[in-house]
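Following: one structure in structure tokens, then a few remarks.
The values are calculated or read from the model by the stated rules, or taken from the named source; none is laboratory data. Bear in mind that the values here come from a model prediction, so they are computed numbers and not experimental data. All Cβ positions, even for glycine, are placed from backbone atoms using ideal geometry, and neighbour counts span all protein chains on display.
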Amino acid sequence: MEYFKKEVKVDGKEFTIESGKVAKQSNGSCTVRIGDTIVLVTAVASKNPKVGIDFMPLTVDYRERTYAAGRIPGGFFKREARPRDSEILVSRLIDRSIRPLFSEYWRNDTQISAIVLSHDGESYSEIAAILGASVALYTSDLPFVTPIASVRIGKINGQLVVNPSIADRKLSVLDLIVSGTEEALTMVEAGAQELSESEMLDALNLARETIKKICLFQKELPTKIKTTVAEPQYNPSLKADIEAEAISKAEAGVVIKEKGNREFFWDSFKKDISARLLEKYPEELPITIDVILEDIFYKKARELVLNKKVRTDGRGLEEIRPITCETNALPRVHGSSLFTRGQTQALVTVTLGTPGDMQIMDELAGEYKERFLLHYNFPGFATGEPKNERSTSRREIGHGNLAKRALMPILPKEEDFGYTIRIVSDILESNGSSSMASVCGGSLALFNAGVPVKSSCAGVAMGLMKEGNNYVILTDIMGMEDHLGDMDFKVAGTRKGITALQMDIKISGLTTEIMSQALDQAKRGRFFILDKMDEAVSVPENNLSNFAPRMATLTIPQSKIGELIGPGGKNIRKIQEDNNVKIDIEETGKVFISGIEYTGVESAKAYVESLTAEVEVGKIYKGKIVKIMAFGAFAEILPGQEGLIHISQLSNQHTRKVEDIVKEGDEVKVKVIEIDKQGRINLSIKAAL
């Protein structure tokens, strides 16, 4: 492996690429350094292709070593275990960026490993990892001949920013990651605070220009002789026999509207012709016949759309399948909805919890608490298939994250609604874009739960088919159209703008005009779905579910936190037990009180306020006499805070004995007339009259 070290500047940030020093037994490897963030990326592949498969066996693993940030991992074993969701999401970004650029006939097991070795807390390791994957592949002997790059775009104070720092990202209304080649984009992932289509297009164009510079730089790197990938050669007689029957059958099959009937028709034909042809050609593999048949069906289905402008299920190009929206679908949950669009159905629930229910996220940059959780489940029965329910798949994590990004901008601020919010989307049926159904169902369920969201939010999946200058953009694609298409992109948002965007692009030649048209068409589709959702429910419920916890929030001085907790937790434990509530206290002094009964929550809140309040001169309090002295009486006006009522301040009349006016246990109205330099409180009943 030839050693090289190259540097390139991207908008003022220096990228350093080094290869040939470490991991030299892989097919290709490199380290990418941005600031003090360093990522090692390797590419390896098996020497022989897998037989009997019709897909590329690519695995991408992105891992973050906690030593990279000078930390020891949490947990009993004190070592990195299964990948965290954030690592899986980056693995998916890398996979989606590079997969379209391999030969469609490459069948060798291929693995990309990206390991974060050093992290400075400022630079994005995922950008370095995607660039590293490109360099490792491009300089290797694997059949990867078109370099790619990735860039992050933010929008801060109205200005687009290339690769903003992690700190600056918190100020941005856009978080866009784009991967692509010198000529075309291959992957887009975005979250936004209701940006317009034109603003999103400007950001994509800026990303495209930046990516082009980095790709041109990679072409200067030394490369190995590439492994050739031969297009499979089929027996001409076998292919002719298949085409003689299959072309007409495919033409008839692609216009069968119902998914189950269409699949049954084609599967039955495939079994029949395969059995007959394998008798005639015993030396052939069943997969060979299957690949030829699927290729014929693929071409005929695309011809139907591109040439006749007709979709398999008979819809118009912008027509959305029938939608039904049902809220309050489950009796005991805090909020629920059943969203159905065609043969895609999502049962979505909202559960409201206390701040103590927030998830602690142990990430490379350190721990933080996550207030909003969205979990997406895709069981096998959703597509009529048996499937073992084991660990959450990478696809489920990715789809859940997309829906979460879409809904997050509509949530109320934590100071206005202190609940932890968990959404679960269970997909009951699927035939196209269950992630967008999760967005729609999630919005409806939030309304049903009484969460004061800013507005409703919907999502739609779009498709593109293109041959030369002839192209068609499809709204609300089915699963088959996703498989047939050249681009799959999902757009979610409100009536104000886009909140989430995801694109996977399989072809080059995607112009700005096509992108603009696709975004405008998606906007029309989104508005149509929002209209349907508004017919079901247009405003959030006024009240929370009877089964949801009640909550009150207040802020106390940080100096009073210790008093609220009390010695060994005595005070806070008593308040919780007496009122049947739970109290969570943050370091900032913010206090969350939650319980099933509203009266208990309010009672606890009043007590916390009194326990942590500062006594104010001139204010009238309700006090309790706790001690009688010859010169006056002591009254407790706030928990733990007493003041003296001098005998001269007990009454407007002359007082000979304190006991003539008050006794221990009496409740009296008093006014604070002075707090002396030593902090002693002087009270007056006379002044309060």
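Quick check on segment 353-363. Is at least one of its residues β-branched (Val, Ile, Thr) and assigned to a strand (DSSP E or B)? Yes: one or more hits. With the structure loaded, tell me whether residue 503 is at pLDDT 90 or above, part of a strand (DSSP E or B) and crowded, with 17+ Cβ neighbours inside 10 Å or whether it fails that test. Taking the combined requirement at face value, the residue satisfies it.
The residue that is surrounded by the most Cβ atoms within 10 Å (Cβ to Cβ), among those in segment 645-678 that are within 15 Å of residue 618 (Cα to Cα) and under 60 Å from the mean Cα position of the chain (by Cα), is 670. Do we find that residue 259 is touching an Asp or Glu at 6+ places or on another chain (Cβ under 9 Å), crowded, with 19+ Cβ neighbours inside 10 Å and not assigned by TED's automatic domain parsing to the domain that holds residue 49 in this structure? The answer is yes for residue 259. Taken together, 596, 628 contain a single residue that is at pLDDT 90 or above, surrounded by fewer than 18 Cβ atoms within 10 Å (Cβ to Cβ) and not assigned by TED's automatic domain parsing to the domain that holds residue 419, which is 628.
Given the structure, is residue 65 surrounded by 16 or more Cβ atoms within 10 Å (Cβ to Cβ), outside the structural domain of residue 288 (by TED's automatic domain parsing) and under 25 Å from residue 394 (Cα atoms)? So residue 65 passes the test. Within segment 464-496, the residues that satisfy the criterion of being under 18 Å from residue 439 (Cα atoms) and crowded, with 19+ Cβ neighbours inside 10 Å are 475, 476, 477, 478, 488, 489, 490, 491, 492, 493, 494.
Counting only strands (runs of 3 or more DSSP E) that fall entirely inside segment 112-228 and contain at least 2 residues that are in contact (Cβ under 8 Å) with a residue 60 or more places away in the chain, under 20 Å from residue 100 (Cα atoms) and outside the structural domain of residue 515 (by TED's automatic domain parsing), the qualifying elements are 149-156, 174-180, 185-195.
Exactly one residue out of 377, 388 is assigned by TED's automatic domain parsing to the domain that holds residue 436, more than 9 Å from the chain's Cα centre (by Cα) and free of Cβ contacts under 8 Å to residues at least 24 places away in the same chain: that is 388.
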